[in-house]
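The values are calculated or read from the model by the stated rules, or taken from the named source; none is laboratory data. Bear in mind the structure is a predicted one, so any value in this text is a computation, not a measurement. Here the Cβ positions follow ideal geometry from the backbone for every residue, glycine too, while neighbour counts run over all protein chains shown.
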Amino acid sequence: MPRPKIAFVASPVPLAQSALQALAAKHGDVPQPEADVIVALGGDGFMLQTLHATQGLDVPVYGMNRGTVGFLMNEYHADDLQVRLDEAEEEVINPLAMTALCVDGAMHEALAINEVSLLRAGPQAAKLRITVDGRLRMNELVCDGALVATPAGSTAYNYSAHGPILPIGSDVLALTAMSAFRPRRWRGALLPKKAVVRFDVIDPGKRPVMADADGKSVRDVVSVEIHSEPAVRHRILFDPGHGLEERLIREQFA
């Protein structure tokens, strides 16, 4: 069986760069369009960057942790990469698509693998109106912010905001509020993956709000629409027994 052609990418931190040099010298390093697999060396933030950057290639990405948390990464070992790639299990995830309309009339689009979040951008709490699939569900949410998270991103910002951890195969999205003031202590909702969520900002001049999709920020939004994008597939490789489903379950018993 021929060995897969590998393209290596690494975050700029010295730990990741030294790993890149060692692994590329041992296994070779082909251009990404010629690769059978992309090996990403860094942390979760770099993994998200890599997935976004390579989404048009339809090539699986195998991450090894040279960062901090590494939820989307495998453990780093320099000696057995070929064997691990041969035995790796693939998870396919779809990102969220965000369409944000700003006060000046500009429209911005972005994809988010983890979550799309709305955050107050001034001293006063945000006021948001929430519509799901064209039906008004909450006339006014007063909060520091709100987010919609995928199962893959449910242990990230969503979890720190006390949102639920979602199993990978659940076809569910989490809508989670941050520091909800009214309705008091509202914790959010679970929505079908196919749901279309719309946030309208009430009084954006007095209570400005920004939107963020995996670190891509848009300021002074007046409305944000979010839905899962099945046309985009991110293929992630994990060592056997250490895939996203197992990690999500393990996280709940930590």
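Which ones in the range 143-174 are over 24 Å from residue 253 (Cβ atoms) and either surrounded by fewer than 24 Cβ atoms within 10 Å (Cβ to Cβ) or small (Gly, Ala, Ser) (or both)?
143, 144, 145, 146
When you scan the range 219-246, how many residues do you find that are buried (at least 16 other Cβ atoms within 10 Å of the Cβ) and under 14 Å from the mean Cα position of the chain (by Cα)?
Here the count works out to 8.
Would you point out the residue of the range 11-43, among those that are in contact (Cβ under 8 Å) with a residue 40 or more places away in the chain and not in a helix (DSSP H, G or I), that is farthest from residue 72 (Cα to Cα)?
In this case the residue turns out to be 13.
Sort through 174, 195, 213 and tell me the only one that's of a type in the set (Gly, Ala, Ser), outside the structural domain of residue 58 (by TED's automatic domain parsing), in contact with an Asp or Glu (Cβ under 7 Å, 6 or more places away or on another chain) and closer than 30 Å to residue 60 by Cβ.
195
Would it be correct to say that residue 46 is in a loop (DSSP other than H, G, I, E, B) and not assigned by TED's automatic domain parsing to the domain that holds residue 115?
The answer is no for residue 46.
Determine, yes or no, whether residue 67 is more than 30 Å from residue 201 (Cβ to Cβ) and modelled with pLDDT under 95.
Here the answer is yes, as residue 67 does meet what is asked.
Is the range 74-90 home to any residue that is of a type in the set (A, V, I, L, M, F, W, C), free of Cβ contacts under 8 Å to residues at least 24 places away in the same chain and not assigned by TED's automatic domain parsing to the domain that holds residue 214?
yes
So which residues in the range 163-177 are out of contact with any Leu (no Cβ under 7 Å at 6 or more places or on another chain) and small (Gly, Ala, Ser)?
Hits for the range 163-177 are 163, 169, 170.
Every residue, every condition in (1) without any contact (Cβ under 8 Å) to a residue 12 or more places away in the chain; (2) in contact with a strand residue (DSSP E or B) (Cβ under 7 Å, 6 or more places away or on another chain); (3) part of a helix (DSSP H, G or I), yes or no:
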residue: 159; (1), (2), (3): no, no, yes
residue: 177; (1), (2), (3): no, yes, no
residue: 184; (1), (2), (3): yes, no, no
residue: 199; (1), (2), (3): no, yes, no
residue: 222; (1), (2), (3): no, yes, no
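For residue 155, all conditions in the list (1) of a type outside the set (Gly, Ala, Ser); (2) touching an Asp or Glu at 6+ places or on another chain (Cβ under 6 Å); (3) not in a loop (DSSP other than H, G, I, E, B) hold save one; what is the number of the exception?
Every listed condition holds for residue 155 apart from (3).
List pairs: first residue in the range 203-220 and touching a residue at least 12 places away in the same chain (Cβ under 8 Å), second residue part of a loop (DSSP other than H, G, I, E, B) and surrounded by fewer than 17 Cβ atoms within 10 Å (Cβ to Cβ) anywhere in the structure, Cβ distance under 7 angstrom, at least six positions apart or on different chains.
Sorted first by the residue in the range 203-220, then by its partner, the pairs are 204/103; 206/124; 207/122; 207/124; 208/122; 210/219; 220/103.
Surrounded by fewer than 22 Cβ atoms within 10 Å (Cβ to Cβ), closer than 17 Å to residue 109 by Cα and out of contact with any Lys or Arg (no Cβ under 9 Å at 6 or more places or on another chain): does that describe residue 216?
In short, yes.
Identify, please: which residue in the range 58-95 is part of a strand (DSSP E or B) and in contact with a Pro (Cβ under 7 Å, 6 or more places away or on another chain) and is, among those, surrounded by the most Cβ atoms within 10 Å (Cβ to Cβ)?
89
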